[in-house]
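See below for the structure under consideration.
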């Protein structure tokens, strides 16, 4: 980074270079109001049986202790602010995490917060909240921690069934944050994120000017690059590098999930992973004797969200909330994406980093993860970005100046971006208002009216084809727009080979094609218009 860029970052005519002495860490301002990250810890639990495997709380405690070891033994006992990313693996633990962590670690935080539901933006939100608390003088040492143990939960359930006993219920691995009042989407098979996210990918591809083959090639390139990062990362869950062809082509170990996604393109939730970060004031870091080269400053963040409903989005190809989150975070920190030495773009499904990289201005070949992505690094539901932030801290300790983190949660719903940096941040950077919802709402066009029952002509807005676990087609789904601009859903039966081929072969672009909808057995059914 140039000296001019560093001066611009600091927002003054002073020269804020990478600190070369302990004295440099005191500049600028009161160190008790400057938030820094001084500890990070990650845990992978690969126990052979469910009885040996740790639950989510045990993983959180282990990750917190690892972060404490990283920061210095005395720091963990100073925690006065505790933020927890909720978990779904063991529902009986929800509501007990604060007490359990505090008791096991021997801490008595004055402030505690457990995210209501585990969505992917949670860890970055908690980092921003902790930085604000330190900037306001309301906290001096914050612990942010989360974990998921779906692998343990599933194995305990299977072992209990084999022995004829019962185990605690295993929660479904998707966020319960959908708020539609009816079961309309459920009736058409839109239950999990993997059913929904293909809508965004298929809608965006023609906007990007891509054919299906070109869109898949982009996914293969990004995902292959992520697998290479995971292969080098001791914290990653899957450490086998994959080629682009292995990612995009269905095979015995890469079954189709929902067109155009295969198993190797989706988040891997069957993991036991925990991660924790310790955010303190610069004063606490100095008092603990943390070496200056291990101190990472928290930069400003920006958050915005889309509507909670998966069918009540104004546009499936674009996200004003993601656009505002990414662009504002960079602007607030006086950076362009080229000033960022390390980058993490959320990667639950390909549509998210493909969209985010275009907003930020990154080529498809650019490194987009420091952890390895949710397929290969691991997809512990809402806590992935805690792992990514921990890896970002480790990366910045080794090289570079700035790291950019973009988090996404829900069903492409919640967005929060933030910068971590080696550049000392001035007192007064925090607290900051990271809520940019009003700006995102101002960019959003009207949402089409939803019609649950419709017959007549329509055109394809977006689409997917859903598969069963054996690789069989369940049915096709079309999100359609009527001539009056209303939106509806329509099914394509699994034996309608011609219609399914139109959706999946890539010979023509289905988005924008016309057809008709008829009603039968309580459902809308799609037929493509005949073309001469």
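Each reported figure results from applying straightforward, stated rules to the coordinates on display, with no laboratory input. All values derive from a computational prediction rather than experimental measurement. Here the Cβ is made from the backbone with ideal geometry for all residues, glycine too, and neighbour counts use every protein chain on show.
Cα centroid separation, region 196-231 to region 374-407: 21 Å.
May I ask you to give the average projected area over all directions of the convex hull of the Cα atoms of the chain, in nm² rounded to one decimal?
Values: hull surface 100.5 nm².
Average projection, Cα convex hull of the chain: 25.1 nm².
Would you work out the relative contact order for the chain, in percent, from Cα pairs under 8 angstrom that are 6 or more residues apart?
21 percent
For region 339-393, a/c is not less than 1.5, where a ≥ b ≥ c are the root eigenvalues of the C-alpha gyration tensor, and a/b does not top b/c. That puts it in the oblate class. Treating r as the C-beta distance of residue 287 and residue 509 and R0 as 60 Å, the FRET efficiency rounds to 0.45.
Which residues among region 494-519 fall inside the zone where the amide N is under 13 Å from a point 7 Å beyond the Cα of residue 211, along Cα→Cβ? It comes to 505-509, nothing else. Output the 0 to 90 degree angle, nearest 10, between the alpha-carbon long axis of helix 384-398 and the longest principal axis computed from the alpha carbons of the chain. Result, in degrees: 50.
Summary value for region 456-528: 33 percent relative contact order, contacts being C-alpha pairs under 8 angstrom separated by 6+ residues.
Put the Cα centre of region 263-336 next to the Cα centre of region 457-532 and the gap is 36 Å.
Relative contact order for region 361-496: 13 percent, from Cα pairs under 8 Å spaced at least 6 residues apart, divided by residue count.
If each residue of separation counts as 0.36 nm, what is the full-extension length gain between residue 104 and residue 161 once their alpha-carbon separation is subtracted? List each step's numbers first, then the result.
Numbers: separation 57, 0.36 × 57 = 20.52 nm, distance 3.14 nm.
In short, 17.4 nm is gained.
Each residue in 129, 450, 368 was given a count of other beta-carbon atoms within 10 angstrom of its own, and listing them fewest first yields 450, 129, 368. Put simply, region 279-407 fits an ellipsoid with semi-axes of 28, 16, 15 Å; these come from the alpha carbon gyration tensor as the roots of five times its eigenvalues, largest first.
Taking label points 7 Å from Cα along the Cα-to-Cβ direction, residue 117 and residue 497 give a separation of 4.1 nm.
Protection proxy ranking for 32-42, 75-85, 498-508, 289-299, using the average of other Cβ atoms within 10 Å per residue and placing the highest first: 32-42, 75-85, 289-299, 498-508.
Would you please classify the overall shape of region 456-528 from the alpha carbon gyration tensor, given that a ≥ b ≥ c denote the square roots of the eigenvalues, rounded means a/c under 1.5, and beyond that prolate means a/b larger than b/c while oblate covers the rest? Because a/c hits 1.5 or more and a/b fails to exceed b/c, region 456-528 counts as oblate. Panel order for 235, 414, by other beta carbons found within 10 Å of each beta carbon, from fewest to most: 235, 414. With R₀ fixed at 60 Å, the C-beta to C-beta distance from residue 73 to residue 449 puts the FRET efficiency at about 0.50.
Taking the highest mean first, how do the peptides 384-390, 213-219, 226-232 order by number of other beta carbon atoms within 10 angstrom per residue? The partial results should precede the final answer.
Details: 384-390: 31.6, 213-219: 18.6, 226-232: 20.1.
Taking the mean over residues of other Cβ atoms within 10 Å, the ranking is 384-390, 226-232, 213-219.
Seen through its C-alpha gyration tensor, with square-root eigenvalues sorted a ≥ b ≥ c, region 68-115 comes out prolate because a/c lies at 1.5 or above while a/b is bigger than b/c.
Assuming R0 = 35 Å, can you tell me the calculated FRET efficiency for the pair residue 427 and residue 314, based on Cβ-Cβ distance, to the nearest 0.05? Mind showing how you got there, number by number?
On the way: r = 40 Å, r/R0 = 1.15.
For R0 = 35 Å, the calculated efficiency reads 0.30.
Work out, step by step, the length gained on full extension between residue 46 and residue 437: first 0.36 nm times the residue separation, then minus their alpha carbon distance; give nm to one decimal.
Numbers: separation 391, 0.36 × 391 = 140.76 nm, distance 4.02 nm.
Value of the extension gain: 136.7 nm.
Under the 0.36 nm per residue contour assumption, what length would be gained going from the current alpha-carbon distance of residue 521 and residue 459 to full extension? Walk me through the numbers on the way to the answer.
On the way: separation 62, 0.36 × 62 = 22.32 nm, distance 2.20 nm.
Between residue 521 and residue 459, full extension yields an extra 20.1 nm.
The helix-based estimate of mean residue ellipticity at 222 nm for the chain, built from -39,500 (n - 2.57) per DSSP H run of four or more residues and divided by its residue count, is -9500 deg cm²/dmol to the nearest 500.
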